[in-house]
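Have a look at this one.
The values are calculated or read from the model by the stated rules, or taken from the named source; none is laboratory data. Values in this document were obtained by computation on a predicted structure and should not be read as measured data. As a convention, Cβ positions derive from the backbone with ideal geometry for all residues, glycine included, and neighbour counts pool all protein chains shown.
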Amino acid sequence: MQRLKLLLALLAFGGTMSLQAAADKSTYPVVFAHGMGGFNNLLGFDYFGDDYGNFVGDPCDEFLEVTCNSNLNSGQKTFIGQVAAFQTSEVRGVDLANDIEGYMATVGATRINIIGHSQGGLDARKAAYVLKQRKGTAIVRVLMTVSTPHRGSPVAKYVMDLGPGITSVVSALASMFGNAIYQPGNDGHAALKQLIHKDYSSTDGVTTGTQNFNALYPNSSSIAYRYVSVITAQAGVNVNPALFVVKTLKNIDGNGYCVGDCDNDGAEGQGNGTATDLDDDGLVGINSQQNGWRLQYNSCFLCLDSFTTITSLGEAPANSPSSAQMTSTLGIVEQDHADVVGVPPDTFDEMEFYAAAIHYIAIYD
């Protein structure tokens, strides 16, 4: 559809316009890693799709194909990993590594790139570690995370604090993500504990949370060549309807400008500090999202949008970012947590966004 629109525009202007160039083809395939509640769909919509259900990683490589991403090089190779909708990133990351290994064997790839949305970004970091262990060398070239709670989400803690009974927590997840929570192999409690920054319970026999996860899987060039992140946030109440209730519940929506032990739980940067109009994306605060280099998304009229590296903020370690890395609004994509994947309604161009991401990956892989 995008290709047809551009062609019509070209004809309308007497051939004076040039068609938008396709993204460069990455050297190695790009794997998409979905977040909590995902794989095929999220809230009933295609996860890594546009508003019409077209996969953002599908190049137009067949004759007269239109349900594809015309912004991609026709030879681009992509793959969507499939892991449990509700589990820890320890479990999901191993599953993702298994999927990646199988895909690499099928296409004959020796290296891989990963784009992870939300918890998928944590899964990607675990998968990169597992692949390094299995292969003896770094397999992942560019590890890009989008809207990922590297330092936790206060929403996860809020849902866990609903009560000790499994019914209340599972019901809350079902209301947010749909009935996928009831499928075999899912563990809503374990999934939420993963996304709370500090270990949720000292008496449950297991150390959980992103603080511990980050200590186990720090950024290292021996695991992934380049770590980059895309930060999302949405001003005011203009968030996706699916997230509006989260946005308004007890101000638990991220408070990304809070630095230090904001909620007196012994963990840095977890909400309940001083909020601003642009501090979170409905589920994750900007204080939690930068890992590695932060990217700037640049719009371009009649040419492909692009990503560039914001070098002024430096490269953020997962567990100990600077105050500037936790609070800066530089490069923020003003969309909510669901807008950057296939959940409508929105005016966001998922096709061009992910084509630009692949183009950036192609520069570095």
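Would you mind stating whether residue 61 is modelled with pLDDT under 90 and touching a Ser or Thr at 6+ places or on another chain (Cβ under 6 Å)? Can you show your working first?
Numbers: modelled with pLDDT under 90: yes; touching a Ser or Thr at 6+ places or on another chain (Cβ under 6 Å): yes.
For residue 61, the condition - modelled with pLDDT under 90 and touching a Ser or Thr at 6+ places or on another chain (Cβ under 6 Å) - is met.
Please indicate, with yes or no, whether at least one residue in the stretch 291-298 is in a loop (DSSP other than H, G, I, E, B), at pLDDT 95 or above and surrounded by 17 or more Cβ atoms within 10 Å (Cβ to Cβ). Even if it seems obvious, please write down each step before you answer.
First, pick out the residues of the stretch 291-298 that are in a loop (DSSP other than H, G, I, E, B): 291.
Going one step further and asking which of them are at pLDDT 95 or above, we end up with 291.
Right, trim to surrounded by 17 or more Cβ atoms within 10 Å (Cβ to Cβ) and you get 291.
Yes: the stretch 291-298 contains one or more residues that are in a loop (DSSP other than H, G, I, E, B), at pLDDT 95 or above and surrounded by 17 or more Cβ atoms within 10 Å (Cβ to Cβ).
Determine whether the stretch 277-284 contains at least one residue that is surrounded by fewer than 18 Cβ atoms within 10 Å (Cβ to Cβ) and modelled with pLDDT under 95. Can you show your working first?
Kept after step one, since they are surrounded by fewer than 18 Cβ atoms within 10 Å (Cβ to Cβ), are these residues of the stretch 277-284: 277-278.
Now narrow it down to the ones that are modelled with pLDDT under 95: 277-278.
Yes.
Anything in the stretch 199-214 that is out of contact with any Pro (no Cβ under 7 Å at 6 or more places or on another chain) and crowded, with 20+ Cβ neighbours inside 10 Å? List them, or say none. Let's see the steps before the verdict.
First, pick out the residues of the stretch 199-214 that are out of contact with any Pro (no Cβ under 7 Å at 6 or more places or on another chain): 199-209, 211-214.
Correct list: 200, 208, 209, 211, 213, 214.
Next question, about the same structure. Could you list all residues from the stretch 137-158 that are closer than 30 Å to residue 104 by Cβ, of a type in the set (Gly, Ala, Ser) and surrounded by 24 or more Cβ atoms within 10 Å (Cβ to Cβ)? Before you say what the answer is, go through the steps one by one.
Taking the stretch 137-158 first, the residues closer than 30 Å to residue 104 by Cβ are 137-150.
Subsequent filtering for residues that are of a type in the set (Gly, Ala, Ser) retains 138, 147.
Result: 147, single match.
Now a separate question. Please go through the stretch 110-130 and give me each residue that is farther than 27 Å from residue 335 by Cβ and either basic (Lys, Arg) or crowded, with 19+ Cβ neighbours inside 10 Å (or both), ordered by number.
From the stretch 110-130, those farther than 27 Å from residue 335 by Cβ are 110-111, 129-130; that's our starting set.
Within the stretch 110-130, 111, 129, 130 meet the criteria.
What residue, of 268, 315, 352, is farther than 19 Å from residue 234 by Cα, charged (D, E, K, R) and at pLDDT below 90? It would help to see each step written out before you state the result.
On the way: 315 fails: at pLDDT below 90; 352 fails: at pLDDT below 90.
Only one candidate passes the filter, namely 268.
Let me ask you something else. Name the pairs whose Cβ atoms lie under 6 Å apart, with the first residue in the stretch 173-188 and part of a helix (DSSP H, G or I), the second at pLDDT 85 or above and of a type in the set (A, V, I, L, M, F, W, C), and 6 or more positions between them or separate chains?
Here the result reads 180/85; 181/86; 188/86, each pair linking the stretch 173-188 to a residue that is at pLDDT 85 or above and of a type in the set (A, V, I, L, M, F, W, C).
Show the residue pairs that are 6+ apart or on different chains and have beta-carbon atoms under 9 Å apart, the first residue being within the stretch 46-59 and in contact (Cβ under 8 Å) with a residue 40 or more places away in the chain and crowded, with 22+ Cβ neighbours inside 10 Å, the second being assigned to a strand (DSSP E or B) and among the aliphatic types (A, V, I, L, M).
That search, which allows pairs on different chains as well, returns 47/80; 48/80; 48/115; 57/30; 57/80; 57/115.
Checking residue 115 against (1) hydrophobic (A, V, I, L, M, F, W, C); (2) in contact (Cβ under 8 Å) with a residue 24 or more places away in the chain; (3) over 26 Å from residue 291 (Cα atoms), which test does it fail?
All conditions pass for residue 115, except number (3).
Quick one: in the stretch 78-95, of everything that is under 20 Å from residue 288 (Cβ atoms), in contact (Cβ under 8 Å) with a residue 40 or more places away in the chain and not in a loop (DSSP other than H, G, I, E, B), which residue is nearest to the chain's Cα centre (by Cα)?
By that ranking, first place goes to 89.
Does the stretch 26-46 include one or more residues that are farther than 18 Å from residue 125 by Cα, at pLDDT 95 or above, outside any helix (DSSP H, G or I) and touching a helix residue (DSSP H, G or I) at 6+ places or on another chain (Cβ under 9 Å)?
Yes, some residue in the stretch 26-46 is farther than 18 Å from residue 125 by Cα, at pLDDT 95 or above, outside any helix (DSSP H, G or I) and touching a helix residue (DSSP H, G or I) at 6+ places or on another chain (Cβ under 9 Å).
Let me ask something additional. Anything in the stretch 278-309 that is within 27 Å of residue 221 (Cα to Cα) and hydroxyl-bearing (Ser, Thr, Tyr)? List them, or say none.
Once the filter is applied, which keeps residues that are within 27 Å of residue 221 (Cα to Cα) and hydroxyl-bearing (Ser, Thr, Tyr), the stretch 278-309 yields 288, 297, 306, 308, 309.
Taking the stretch 291-316 on its own, how many of its residues are touching a His at 6+ places or on another chain (Cβ under 8 Å) and closer than 14 Å to residue 226 by Cβ?
Taking the stretch 291-316 first, the residues touching a His at 6+ places or on another chain (Cβ under 8 Å) are 291, 304, 306-307.
Checking the rest, the ones that are also closer than 14 Å to residue 226 by Cβ come to 291, 307.
Final tally of qualifying residues: 2.
What pairs come up if the first residue lies in the stretch 66-77 and is without any contact (Cβ under 8 Å) to a residue 12 or more places away in the chain and more than 16 Å from residue 306 (Cβ to Cβ), the second is of a type in the set (S, T, N, Q) and part of a loop (DSSP other than H, G, I, E, B), and their beta carbons are under 8 Å apart, counting only those six or more places apart or on different chains?
Every condition considered, no pair remains.
Spot the failing condition for residue 302; the list is (1) in contact with a strand residue (DSSP E or B) (Cβ under 8 Å, 6 or more places away or on another chain); (2) at pLDDT below 95; (3) of a type in the set (A, V, I, L, M), and only one is missed.
All conditions pass for residue 302, except number (1).
Within the stretch 96-130, restricting attention to residues that are hydroxyl-bearing (Ser, Thr, Tyr) and under 19 Å from the mean Cα position of the chain (by Cα), which residue is nearest to residue 29 (Cα to Cα)?
To start, the set of residues in the stretch 96-130 that are hydroxyl-bearing (Ser, Thr, Tyr) comprises 103, 106, 110, 118, 129.
Now restrict to residues that are under 19 Å from the mean Cα position of the chain (by Cα): 118, 129.
On the way: 118: 20, 129: 18 Å.
Across the stretch 96-130, the extreme among qualifying residues is 129.
Of the conditions (1) buried (at least 19 other Cβ atoms within 10 Å of the Cβ); (2) at pLDDT below 85, residue 183 clears all except one; give me its number.
For residue 183, the failing item is (1).
Another one. Based on what the data block shows, is residue 222 of a type in the set (Ser, Thr, Tyr) and either crowded, with 22+ Cβ neighbours inside 10 Å or touching a residue at least 24 places away in the same chain (Cβ under 8 Å) (or both)? Talk me through it step by step, then tell me what you get.
Details: of a type in the set (Ser, Thr, Tyr): yes; either crowded, with 22+ Cβ neighbours inside 10 Å or touching a residue at least 24 places away in the same chain (Cβ under 8 Å) (or both): yes.
In short, yes.
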